[in-house]
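Taking it in order: structure first as structure tokens, then the write-up.
The values are calculated or read from the model by the stated rules, or taken from the named source; none is laboratory data. These figures come from a predicted structure and were not determined experimentally. All Cβ positions, even for glycine, are placed from backbone atoms using ideal geometry, and neighbour counts span all protein chains on display. The protein model used for the area step is the full one, side chains on, heavy atoms only, and it has no ligands, DNA or RNA in it. Shrake-Rupley method; radii C 1.70, N 1.55, O 1.52, S 1.80 Å.
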Amino acid sequence: MTWSRRAGPSGCLRAHDEGVNMSGRGTQTYDPVVRRSYSLVGPDTKKAVEAGFDDAEWYRAPIDADRLKVLMVRRNGRPALDAVLWLALLGGAGTLAFFTLGTWWTIPAFAAFGALWGGSGDARWHENGHGTAFRSRWANDAMYNLASFMMLREPTLWRWSHVRHHSNTLIVGLDPEIGVPRPPPLFAIALNYLNLINGPKMFGKIVMHAFGHIEDFTRVLVPADKLRRVVWEARVFLLLLVGTLVAAVELGTIVPLLFVGLPSFYGAWLLWFFAITQHAGLREDVLDHRMSTRTVYINPVFRFLYLNMNYHVEHHMFPAVPYYNLPALHEEIKAYLPPPKTSMLDAYREVLHALVMQRKDVTWEIPKNWEPPVESNGKEMGTRELLRVTSSPDSGEADLGPSLLAPGELAPVEVDGSPYVLCRTLAGGYAFIDDVCTHGRARLSDGFLDDCVLECPKHNGRFDVRTGEAVRLPAQKPLCTYPITEREGRLVATMRDDRESAALLEVSAERTL
Ligand code: FES
């Protein structure tokens, strides 16, 4: 199917008339080049866009729609428990480090403190940045901002950077988070276990941004109307870091810096210990996370520190699934995925071998020793049934028939060949909206409906289905909404965007049309 967008009458983006190839698979052959440019504004960026890689459609393993919906449900209790435990360990290690200053015991205490801060903080930054850890939005945002500071990552810049990483995983010239380019710079990788390459770069950006200088990298990633925010966040970070430095100078001791600032360096080994297994040595420029991303089985302690990001293929395929449900997601789809690495040792063996080989020959690839199974046609997987209707040319109305949706459910609908989604809120109301996300190429009907808020399955952007309003970045532009009414026990949608009038048909939760 061809999806597209044009501006609707009320300024929302309409998803149907422009003729963009939403399959996203490039129509040109993309030749590998020996030396690649990993810059976001280099020659490979143009090539990747021309080859159709930009924000393309990626492979997703088949999964029962109802099961996926259950796996996407967020909770507050489990992430709160994990967060409290992590903060308690951090506080405990910090206290121990402080009270053992001047003894040898302070070294392991600071090592633990740094690993929890500059290593395990990365997983907290990541999960809360996706907005999937907690059900409560404020809790995700609070943890995200705290962890961003710990990792020296400017919150707005890195939010957009990570969105791009998900759109273009390991696509050279488009993915800003390729940690290991080809040929692999082995010495620099080793230095990064203490954040000695990336850390100074990130600090330099903070200083630059704090003084209002926005370079190309940031301009490419962050929308222009969010750049002011980048500047203010950088100023706050700089103030905190300089304040710590002044305290250290005043007190004549490095101790304040060992607690704030330096843990982002001496604790980074844990970040890289886990993170290098995610993509290093795997295939670039493929629209299939099974080839560019790695899942590794690890022990429960590591999984707590890393918040289950070892299920990395699963996370990239279904980023709307919260970290605590990734093991269950893995069980559902593992038949369609390559065999996971059995341990960190197993993963490191593969990574190190690949890096050594790719240093000699950048085109070397890890041999493929796995064949995907023949996939189901979706019917037996419980794929949501697509309702196809045509609208009346006279009235512009589309008869959607009686709906069997329970409160909290959604259903994809095709009207005159264009995709829409029928949503039912927990209170029982019906809303009819466009099915294509206004941010990128994703079907919202594959997303997660949490009462009145529909979350995009691709980058976790959110929309209020009652108004079409975008309520969470990276979605910024509103969706088209269509008036819907009840007529003789049937739902009837008027196929004109009308965000001015109420789009929600109020029906009690007890009643089903
Ligand atoms: Fe990015 Fe929907 S495609 S939020």
### Query
Which ones in the range 434-448 are open to solvent by less than 10 Å² (accessible area, probe 1.4 Å) and part of a strand (DSSP E or B)?
D434, V436
## Note on the structure
G52 meets each of (1) on the phi > 0 side of the Ramachandran plot; (2) at pLDDT 95 or above with one exception, condition (2)
### Summary
Exactly one of D399, D394 is among the acidic types (D, E), in a loop (DSSP other than H, G, I, E, B) and within 30 Å of V507 (Cβ to Cβ), and that residue is D394
### Query
Here are A406, A493: which of them is away from the ligand (no atom under 16 Å from the Cβ) and part of a strand (DSSP E or B)?
A493
#### Entry: Checking C456 against (1) modelled with pLDDT under 95; (2) within 8 Å of the ligand (Cβ to nearest atom), the condition it does not meet
(1)
### Query
Of everything in the range 168-217 that's aromatic (F, W, Y) and part of a loop (DSSP other than H, G, I, E, B), which residue is surrounded by the fewest Cβ atoms within 10 Å (Cβ to Cβ)?
F211
### Task
Mind listing whichever residues of the range 122-150 are surrounded by fewer than 22 Cβ atoms within 10 Å (Cβ to Cβ) and among the small types (G, A, S)?
S136, A139, A142
### Single residue of W117, W158 found to be open to solvent by 20 Å² or more (accessible area, probe 1.4 Å) and without any contact (Cβ under 8 Å) to a residue 60 or more places away in the chain
W158
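Return the residues of the range 434-452 that are over 16 Å from E385 (Cα atoms) and within 13 Å of the ligand (Cβ to nearest atom); say none if nothing qualifies. Full working, then the answer.
Of all residues in the range 434-452, those over 16 Å from E385 (Cα atoms) come to 434, 436-442, 448-452.
Within the range 434-452, D434, V436, C437, T438, H439, G440, R441, A442, F448 qualify.
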### Task
Report yes if some residue within the range 100-114 is open to solvent by less than 10 Å² (accessible area, probe 1.4 Å), at pLDDT 95 or above and outside any helix (DSSP H, G or I); otherwise report no.
no
### Query
L85 passes all but one of (1) among the aliphatic types (A, V, I, L, M); (2) free of Cβ contacts under 8 Å to residues at least 40 places away in the same chain; (3) open to solvent by 40 Å² or more (accessible area, probe 1.4 Å); which number fails?
(2)
### Query
What residue, among those in the range 459-483 that are open to solvent by less than 10 Å² (accessible area, probe 1.4 Å) and within 15 Å of T494 (Cα to Cα), is farthest from the ligand (Cβ to nearest atom)?
Y482
### Task
Test E488 against the criterion of being at positive phi, open to solvent by 10 Å² or more (accessible area, probe 1.4 Å) and away from the ligand (no atom under 12 Å from the Cβ), and give yes or no.
yes
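Kindly evaluate A431 against the criterion of being outside any loop (DSSP other than H, G, I, E, B) and farther than 30 Å from A224 by Cβ. Please lay out each step first, then the result.
Working: outside any loop (DSSP other than H, G, I, E, B): yes; farther than 30 Å from A224 by Cβ: yes.
Taking the combined requirement at face value, the residue satisfies it.
Regarding the range 418-426, can at least one residue be identified that is within 12 Å of the ligand (Cβ to nearest atom) and open to solvent by 10 Å² or more (accessible area, probe 1.4 Å)? Show your work before the answer.
Residues of the range 418-426 within 12 Å of the ligand (Cβ to nearest atom): none.
No.
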